[in-house]
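Following: one structure in C-alpha cells, then a few remarks.
The values are calculated or read from the model by the stated rules, or taken from the named source; none is laboratory data. Keep in mind the model is a prediction, meaning the values are calculated, not measured. FYI the Cβ positions are ideal-geometry reconstructions off the backbone, even for glycines, and counts take in every protein chain you see.
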C-alpha cells in the first residue's frame, strides 16, 4: 500500500484501473457490434472500438513514460457493466430489439 501514499503512486494505481477498463471494453465491443441488428448501432460500436484501440496505444505510451509495465488491475465496476451488457444482449436477441 506504500504506493498510494503519494500522488505518483495514486497516478500509477489509477493508470492500472484505466488500462484494465479499456482492455475489457476493447474485448467486449466486437461482440456488441456483432449482436447489433441496427446498422447505425453496429457502426457506433465499431467506431468506439477504434477509438478505444487508440486510447490503449496512448495508455501504453504513458506507462512507458512512467517507467512501469502496462498492466491492469481488476475493476469490479467495469466487470459488472460488461456482465450487464452480456445479459442485455442475451435478453434482446430478436432483430426487432
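Of all residues in the stretch 28-48, those satisfying the criterion of being closer than 20 Å to residue 78 by Cβ and in contact (Cβ under 8 Å) with a residue 24 or more places away in the chain are 28, 31, 32, 35. Within the stretch 80-92, is even one residue surrounded by 13 or more Cβ atoms within 10 Å (Cβ to Cβ), under 14 Å from the mean Cα position of the chain (by Cα), touching a residue at least 24 places away in the same chain (Cβ under 8 Å) and assigned to a helix (DSSP H, G or I)? Checked against the condition, which is being surrounded by 13 or more Cβ atoms within 10 Å (Cβ to Cβ), under 14 Å from the mean Cα position of the chain (by Cα), touching a residue at least 24 places away in the same chain (Cβ under 8 Å) and assigned to a helix (DSSP H, G or I), the stretch 80-92 yields at least one hit. Scanning the stretch 63-75 for residues that are free of Cβ contacts under 8 Å to residues at least 40 places away in the same chain and either surrounded by 10 or more Cβ atoms within 10 Å (Cβ to Cβ) or within 10 Å of residue 20 (Cα to Cα) (or both) yields a single hit, 64. Would a scan of the stretch 3-12 turn up a residue that is modelled with pLDDT of 90 or more, assigned to a helix (DSSP H, G or I) and exposed (fewer than 12 other Cβ atoms within 10 Å of the Cβ)? Looking through the stretch 3-12, at least one residue is modelled with pLDDT of 90 or more, assigned to a helix (DSSP H, G or I) and exposed (fewer than 12 other Cβ atoms within 10 Å of the Cβ).
Only residues that are within 13 Å of residue 73 (Cβ to Cβ) and touching a helix residue (DSSP H, G or I) at 6+ places or on another chain (Cβ under 6 Å) were counted in the stretch 14-27, giving 4. With respect to the conditions (1) modelled with pLDDT of 95 or more; (2) surrounded by 12 or more Cβ atoms within 10 Å (Cβ to Cβ); (3) under 14 Å from the mean Cα position of the chain (by Cα), residue 57 falls short on a single one, namely (2).
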